[in-house]
1. Which condition number does A11 fail, the rest of (1) surrounded by fewer than 17 Cβ atoms within 10 Å (Cβ to Cβ); (2) modelled with pLDDT of 95 or more being met?
2. Does F68 satisfy the criteria of being closer than 16 Å to E17 by Cβ, part of a helix (DSSP H, G or I), of a type in the set (F, W, Y) and within 15 Å of the chain's Cα centre (by Cα)?
3. Within segment 20-29, is there a residue that is outside any strand (DSSP E or B) and touching a strand residue (DSSP E or B) at 6+ places or on another chain (Cβ under 7 Å)?
4. What single numbered condition from (1) closer than 26 Å to A91 by Cα; (2) surrounded by 14 or more Cβ atoms within 10 Å (Cβ to Cβ); (3) in contact (Cβ under 8 Å) with a residue 12 or more places away in the chain fails to hold for Y35?
5. Only one of G93, G61 is among the small types (G, A, S), surrounded by fewer than 14 Cβ atoms within 10 Å (Cβ to Cβ), in contact (Cβ under 8 Å) with a residue 12 or more places away in the chain and out of contact with any helix residue (DSSP H, G or I) (no Cβ under 9 Å at 6 or more places or on another chain). Can you tell me which?
6. How many of the residues making up segment 15-32 are among the aromatic types (F, W, Y) and surrounded by 12 or more Cβ atoms within 10 Å (Cβ to Cβ)?
7. Of the residues V75, V55, which single one is of a type in the set (V, I, T) and more than 16 Å from Y28 (Cβ to Cβ)?
Amino acid sequence: MLKASAVFESAPLLIVEVVSPDSIKRDYRYKRSEYAAVGVPEYWIVDPLELKITVLLLEEGFYEETVFSADQKIVSQTFPELAIAPDQVFAAGNL
């Protein structure tokens, strides 16, 4: 893949972003409009600073967001076999 282009010809089905202290505004605001413009149907913002995961689903060109925390189970609309709670995600980082 070293000679392959890094540019996608179609939008990814799911993007997961991890927030860092220097990317908060970029991850929550700017990337949202960029991903909507190219038609990414599902976008997750994993925020270890706030211990929450925001799931954004593209509806008529705009994202509808749902925020999950603790043991609330998230089931991906794009990949329904992917079901996980924020606690599981953040605990995995402490292995």
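1. Of the numbered conditions (1) surrounded by fewer than 17 Cβ atoms within 10 Å (Cβ to Cβ); (2) modelled with pLDDT of 95 or more, the odd one out for A11 is (2).
2. Against the criterion (closer than 16 Å to E17 by Cβ, part of a helix (DSSP H, G or I), of a type in the set (F, W, Y) and within 15 Å of the chain's Cα centre (by Cα)), F68 does not qualify.
3. Checking segment 20-29: at least one residue is outside any strand (DSSP E or B) and touching a strand residue (DSSP E or B) at 6+ places or on another chain (Cβ under 7 Å).
4. The number of the failed condition is (1).
5. Sole residue among the options that is among the small types (G, A, S), surrounded by fewer than 14 Cβ atoms within 10 Å (Cβ to Cβ), in contact (Cβ under 8 Å) with a residue 12 or more places away in the chain and out of contact with any helix residue (DSSP H, G or I) (no Cβ under 9 Å at 6 or more places or on another chain): G93.
6. Result for segment 15-32: 1.
7. Answer to the check: V75.
Listed here are the residues, each with its yes/no results for (1) assigned to a loop (DSSP other than H, G, I, E, B); (2) within 17 Å of I15 (Cβ to Cβ); (3) within 12 Å of the chain's Cα centre (by Cα); (4) of a type in the set (S, T, N, Q).
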residue	(1), (2), (3), (4)
A37	no, yes, no, no
Y43	no, yes, yes, no
L49	yes, no, no, no
T54	no, yes, yes, yes
E64	no, yes, no, no
Q72	yes, no, no, yes
E81	yes, no, no, no
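The values are calculated or read from the model by the stated rules, or taken from the named source; none is laboratory data. Please read these numbers as outputs of a predicted model, since none were measured by experiment. All Cβ positions, glycine included, derive from the backbone under ideal geometry; neighbour counts span all protein chains shown.
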